[in-house]
Amino acid sequence: QVQLVESGGGLVQAGGSLRLSCATSGRTSSNYAMGWFRQAPGKERGFVAGISRSGATTIYADSVKGRFTISRDNAKNTVYLQMTTLKPEDTAVYYCAAATLYYSNDANRYSYWGRGTQVTVSS
């Protein structure tokens, strides 16, 4: 089993940047493909980005392509989400998730979840 803890959220103005971190513990993070999801008030949780166990391949939601970058440092058991050119519609709670097989844009493929970190983008 693996535990996930997100950090790095906060309040930022539109056009600004934030970097989220997801620290994993319990088992080596390289055993898991990882993903970031987000949930805005009144909306369903949606896929943001995913990364393979090695970090060699990534996928993104169309809404964040070119603005967000997912990466991982398996030596530090940490996954990152670098967010740039933030927009008010990026405001949400961001969740880190781990999948035992392959990364996916389907939340049902992920077995482990963090508690989330709030990102608020002001206009």
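The values are calculated or read from the model by the stated rules, or taken from the named source; none is laboratory data. Owing to the predicted nature of the structure, the values given are computational and were not obtained by experimental measurement. Ideal geometry is used to build each Cβ from the backbone, glycine not excepted, and the neighbour counts take in all protein chains shown. Heavy atoms of the whole protein, side chains included, go into the accessibility calculation; ligands, DNA and RNA do not. Shrake-Rupley method; radii C 1.70, N 1.55, O 1.52, S 1.80 Å.
May I ask you to list the residues in segment 41-55 that are among the polar types (S, T, N, Q) and open to solvent by less than 60 Å² (accessible area, probe 1.4 Å)? So that I can check it myself, show each step before the final result.
Here is the first cut: in segment 41-55, the residues among the polar types (S, T, N, Q) are 52, 54.
The one that is among the polar types (S, T, N, Q) and open to solvent by less than 60 Å² (accessible area, probe 1.4 Å): Ser52.
Note on segment 56-85: among residues that are over 24 Å from Ser30 (Cα atoms) and touching a residue at least 40 places away in the same chain (Cβ under 8 Å), the one that is least open to solvent (accessible area, probe 1.4 Å) is Thr84. With respect to the stated conditions, Tyr103 is among the hydroxyl-bearing types (Ser, Thr, Tyr), in a loop (DSSP other than H, G, I, E, B) and surrounded by 22 or more Cβ atoms within 10 Å (Cβ to Cβ).
Annotation note: Cβ proximity below 6 Å between a residue of segment 101-122 that is closer than 22 Å to Glu89 by Cα and a residue that is in a loop (DSSP other than H, G, I, E, B) and open to solvent by less than 30 Å² (accessible area, probe 1.4 Å) (sequence gap 6+ or interchain) occurs for Val121/Leu86. Considering Ala98, Ala23, the condition of being closer than 13 Å to Leu4 by Cβ, of a type in the set (A, V, I, L, M, F, W, C) and touching a residue at least 60 places away in the same chain (Cβ under 8 Å) is satisfied by Ala98 alone. Under the condition of being surrounded by fewer than 21 Cβ atoms within 10 Å (Cβ to Cβ), on the phi < 0 side of the Ramachandran plot and part of a loop (DSSP other than H, G, I, E, B), the residues counted in segment 12-40 number 6.
Summed over segment 1-55, residues that are of a type in the set (A, V, I, L, M), within 13 Å of Trp113 (Cβ to Cβ) and at pLDDT 95 or above total 3.
The numbered conditions (1) within 11 Å of the chain's Cα centre (by Cα); (2) part of a loop (DSSP other than H, G, I, E, B) are all true for Lys43 except (1).
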